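Data block below; observations after.
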Amino acid sequence: MTGVAREAGRDARPIALVKGAGDLATGVALRLSRSGFAVVMTEIARPTVVRRTVAFAEAVYEGRTAVEGIEGIKVEDLDQIGGMLRQGAIPVVVDPEAAALREVRPSLLVDAIVAKRNLGTRISDALAVVALGPGFLAGRDAHAVIETMRGHTLGRVIMQGEALPNTGIPGEVGGHAEERLLRAPTAGVFGSALTIGDHVAAGQIVGRVGDVPVRSRLDGVLRGLLHPGLAVTPGFKLGDVDPRASREHCFTVSDKALAVAGGVLEAVCALLGGVRFEGAPSTPAANVREARERRRMSSRRAGPQGTREAQEAGGVRPD
């Protein structure tokens, strides 16, 4: 076991490594963290995420960021991972090749880069390997693939086969698809005039690529915006205007991310052996052994009927 894996292992939670720290990856990381996993994320040196207020990728630029009460912190040294996990934070490692995989040795690997192709994930990378979206074949590249296309099958777990192919057409939000996106009109460096959460009107200038203005095509709220100072090519996605115009939506994980994350949790439960309740809700882990012993003694005194009642009262699976 490596020093990093040993240090992280002191946390006592199973470790999940999530490749990518964009908005979908962040939704996955939040649900895994809230469900009992110690989560580590990897990212590239200059992320091109637009939904930055709900993406742990923002920690790469700012050093740290919080999403729905959980903090993501940029890691400069892999030896920092264990300490951050014990603090309840999510370490974000600048690691495009996911070299941390060899050091962390997670039980679960989630490829949440959403590159529409496999950039190097192997089914042998962890006990359970789950991949988001097209570009992966379940059973060959990953144990499970999660559907990411909006619609009836969003969030479904695929154990054999692939996700739906990328159409290049954005999903509808508030009745609008392509027109809700902000795209680069030319090549150059992007600069923003507004911030995420600002209300915009159709035709309003949101930013510039070089000297060329970028205008909103809809009335709504600016839900996503590329980090300023990044070089872009023509047609590059710069932002996202939400015609539903709810500012609160800019700062909470989206319905799509939650659906995809739910699919990941379903896959993980199936792949790693299902859910086992070790005690009744709110029962401290230290009291589980004592609670089991009390149930055994009670069942011996009460017979078969008492055993069943004790199990039901304790909320614990039979031993």
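Laboratory data are not the source of any read-out in this text; all were calculated from the coordinates shown. Predicted, not measured: the structure shown is a model, and the values here were computed from it. Cβ: placed from backbone, ideal geometry, glycine included. Neighbour counts: every protein chain shown.
Modelled this way, with points 7 Å down the Cα-to-C-beta line, the labels at Leu272 and Ala231 are 4.1 nm from one another. Note on segment 178-243: Cα-only Rg and Dmax are 10.3, 27 Å. How would you classify segment 123-232 from its alpha-carbon gyration tensor, with a ≥ b ≥ c the square roots of the eigenvalues: rounded for a/c under 1.5, else prolate if a/b is greater than b/c, otherwise oblate? Prolate, since a/c reaches 1.5 and a/b exceeds b/c. If only the Cβ of Lys and Arg carry +1 and only the Cβ of Asp and Glu carry -1, the dipole of segment 1-147 around its Cα centre is close to 280 debye. Label sites at Leu137 and Glu172, each approximated as a point 7 angstrom past Cα along Cα to Cβ, lie 3.4 nm apart.
Going by a ≥ b ≥ c, the root eigenvalues of the Cα gyration tensor, does segment 212-263 fall in the rounded group (a/c under 1.5), the prolate group (a/b larger than b/c) or the oblate group? Intermediate results must be reported in sequence, preceding the final value.
Numbers: a/c = 2.46, a/b = 1.50, b/c = 1.64.
Oblate, because a/c is 1.5 or more while a/b does not exceed b/c.
How would you classify segment 2-132 from its alpha-carbon gyration tensor, with a ≥ b ≥ c the square roots of the eigenvalues: rounded for a/c under 1.5, else prolate if a/b is greater than b/c, otherwise oblate? Rounded is the answer for segment 2-132, as its axis ratio a/c remains below 1.5.
Say R0 is 35 Å: what FRET efficiency, to the nearest 0.05, do Arg34 and Ile205 get from their beta-carbon distance?
0.35
Look at the dipole of segment 178-243 built from charges on Cβ: of Gly220, Gly203, Pro234, the Cα furthest out on the positive end belongs to Pro234. For a label point 7 angstrom out from the Cα of Ala66 toward its Cβ, which stretches of segment 23-49 have the backbone nitrogen within less than 17 Å? Correct set: 30, 34.
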